[in-house]
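First the structure, in the form of structure tokens, and then the observations on it.
The values are calculated or read from the model by the stated rules, or taken from the named source; none is laboratory data. Note that the structure is a prediction, hence the values are computed from the model and not measured. Every residue, glycine among them, receives a Cβ derived from its backbone with ideal geometry; neighbour counts consider all protein chains shown.
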Ligand code: 2AM
């Protein structure tokens, strides 16, 4: 069994902005390492090899049929979520292509009997864990263009949790 999730990776320019933003957070918490920064579309939980294979087969087919849409999202608000104790940079899913990609990922998780989100979708990137307070400054605005969907394996190691990309699919403009 592997702990898996589907997510989008920020590009190099966004990573630079995110690490600058992290540097201005107060140090009472644990910063998410730069290589781990991502925007989750579906946390799948523990998956068997068969579930992983079925998921990858379906996503291969959907990508081939150009049914995984590229999208844009603006993340521009810092928030503190009390229950998971995280600070994140969040936005609103206004782009219907992002909403449909989220629904598609959640639908796949459901079909395979995997974990599905118990919350409505708030696109966000977690910057700090074990956080205690919301910083009071205004966040920069980041507009992400989703061009690839990645399947990540969340692995616990001595250096902490590491996320490894197991597979990727291109996100495309729909067929004309
Ligand atoms: P996040 O996107 O808010 O940081 C891998 O564990 C990723 O899946 C994390 O980044 C995490 O949150 C997200 N995730 C969503 N729901 C989760 C859950 N119930 N348990 C663990 N991680 C979850």
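Regarding residue 105, is this residue surrounded by 14 or more Cβ atoms within 10 Å (Cβ to Cβ), within 16 Å of the ligand (Cβ to nearest atom) and in a helix (DSSP H, G or I)?
For residue 105, the condition - surrounded by 14 or more Cβ atoms within 10 Å (Cβ to Cβ), within 16 Å of the ligand (Cβ to nearest atom) and in a helix (DSSP H, G or I) - is met.
With 13, 63, 7, 93 as the choices, which residue is closer than 22 Å to residue 156 by Cα and either within 17 Å of the chain's Cα centre (by Cα) or not in a strand (DSSP E or B) (or both)?
Answer to the selection: 7.
Would you be able to tell me the number of residues in the stretch 115-143 that are more than 14 Å from the ligand (Cβ to nearest atom) and either touching a strand residue (DSSP E or B) at 6+ places or on another chain (Cβ under 7 Å) or in a strand (DSSP E or B) (or both)?
So the count comes out to 7.
With respect to residue 12, determine if the residue is crowded, with 19+ Cβ neighbours inside 10 Å and either in contact with a strand residue (DSSP E or B) (Cβ under 8 Å, 6 or more places away or on another chain) or under 14 Å from residue 142 (Cα atoms) (or both).
So residue 12 fails the test.
Of the numbered conditions (1) closer than 18 Å to residue 128 by Cα; (2) surrounded by 11 or more Cβ atoms within 10 Å (Cβ to Cβ); (3) away from the ligand (no atom under 16 Å from the Cβ); (4) free of Cβ contacts under 8 Å to residues at least 24 places away in the same chain, residue 27 fails exactly one; give the number of that condition.
(2)
When residue 36 is evaluated against the numbered criteria (1) over 17 Å from the mean Cα position of the chain (by Cα); (2) over 24 Å from residue 103 (Cβ atoms); (3) within 13 Å of the ligand (Cβ to nearest atom), which criterion, by number, is the only one it fails?
Among (1) over 17 Å from the mean Cα position of the chain (by Cα); (2) over 24 Å from residue 103 (Cβ atoms); (3) within 13 Å of the ligand (Cβ to nearest atom), residue 36 violates only (1).
May I ask you to verify whether residue 154 is under 28 Å from residue 61 (Cβ atoms), part of a loop (DSSP other than H, G, I, E, B) and in contact (Cβ under 8 Å) with a residue 12 or more places away in the chain?
no
Restricting attention to the stretch 32-50, which residues are surrounded by fewer than 20 Cβ atoms within 10 Å (Cβ to Cβ) and touching a helix residue (DSSP H, G or I) at 6+ places or on another chain (Cβ under 8 Å)?
Within the stretch 32-50, just 34 meets the criteria.
Quick one: what pairs do we get from the stretch 110-122, first residue free of Cβ contacts under 8 Å to residues at least 24 places away in the same chain, second more than 10 Å from the ligand (Cβ to nearest atom) and part of a loop (DSSP other than H, G, I, E, B), C-beta under 9 Å, 6+ apart or different chains?
Every condition considered, no pair remains.
Checking residue 80 against (1) over 22 Å from residue 4 (Cα atoms); (2) more than 16 Å from the ligand (Cβ to nearest atom); (3) in contact with a strand residue (DSSP E or B) (Cβ under 8 Å, 6 or more places away or on another chain), which single condition isn't satisfied?
(2)
Take residue 149 and tell me if it is within 15 Å of the ligand (Cβ to nearest atom), at pLDDT 95 or above and over 30 Å from residue 26 (Cβ atoms).
Spelling it out, residue 149 is indeed within 15 Å of the ligand (Cβ to nearest atom), at pLDDT 95 or above and over 30 Å from residue 26 (Cβ atoms).
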